[in-house]
Amino acid sequence: MNALSSALITTSAIIVFALGAVHLLYTFRGNKMHPQASDLRARMEQVSPVLTHQTTMWKAWIGFNASHSYGALLFGAIYGYLALVHSAFLFQSSFLLSLGLVALVAYAFLGKRYWFSIPFHGILLATVCYVIALVIHGAV
């Protein structure tokens, strides 16, 4: 059972990591993260947020997308590593198991509310794998 639980958390981590990697690639390569209206991008490159004039909305947009990707990559790397190499430690830590679940549920909420279907369904699948692992292991 422990091997299956570890495999499910590893699967969850791989899904989140892959989503983060694709998102990071799309942030810096190609135009997939650009607005469809080119005049909007031009305006975003000229306008600063109310908070500061040290950046533009475009730079902030790129930075927010990149940091969002880093969070998914970090989640995937940490939970994948722990599930593969230190599964006993992971499954003995209610804190880490709860933190992972909270992160996935928070991503799922954001995905449903603000994203489109592909990342939402990916996060939902990762969350289901994670929850099943917790149930099988008896952590829930």
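Taken together, the values in this text are just the output of simple stated rules run on the coordinates, not laboratory data. If you're wondering where the values come from, they're calculated on a predicted model, not measured in any experiment. As a convention, Cβ positions derive from the backbone with ideal geometry for all residues, glycine included, and neighbour counts pool all protein chains shown.
Miscellaneous remarks
- Each distinct pair of alpha carbons in the chain adds a 1/r term; the inverse of their mean, the Kirkwood radius, is 16.3 Å.
- Set against the 2.2 N^0.38 Å expectation for a compact globular protein, the stretch 80-140 has a Cα radius of gyration ratio of 1.19.
- Positive-pole candidate from Leu97, Leu84, Ala60, dipole of the stretch 2-137, charges at beta carbon: Ala60
- Phi to ³J(HN,Hα) by Karplus 6.51 cos²θ - 1.76 cosθ + 1.60 over the stretch 13-19, Hz, x for Gly, Pro: 5, 5, 4, 5, 4, 4, 4
- Net length gained if the chain between Leu25 and Val135 were fully extended (0.36 nm per residue, minus Cα distance): 36.2 nm
- Our coupling estimate for the stretch 24-35, obtained by passing each phi through the Karplus curve with A = 6.51, B = -1.76, C = 1.60 and θ = phi - 60°, is 5, 4, 5, 5, 10, 10, x, 10, 5, 9, 8, x Hz, Gly and Pro reported as x.
- Sparse-neighbourhood loop sites, trypsin sites (Lys or Arg not before Pro) in the stretch 1-85 - DSSP loop, at most 16 other Cβ within 10 angstrom: Arg29, Lys32
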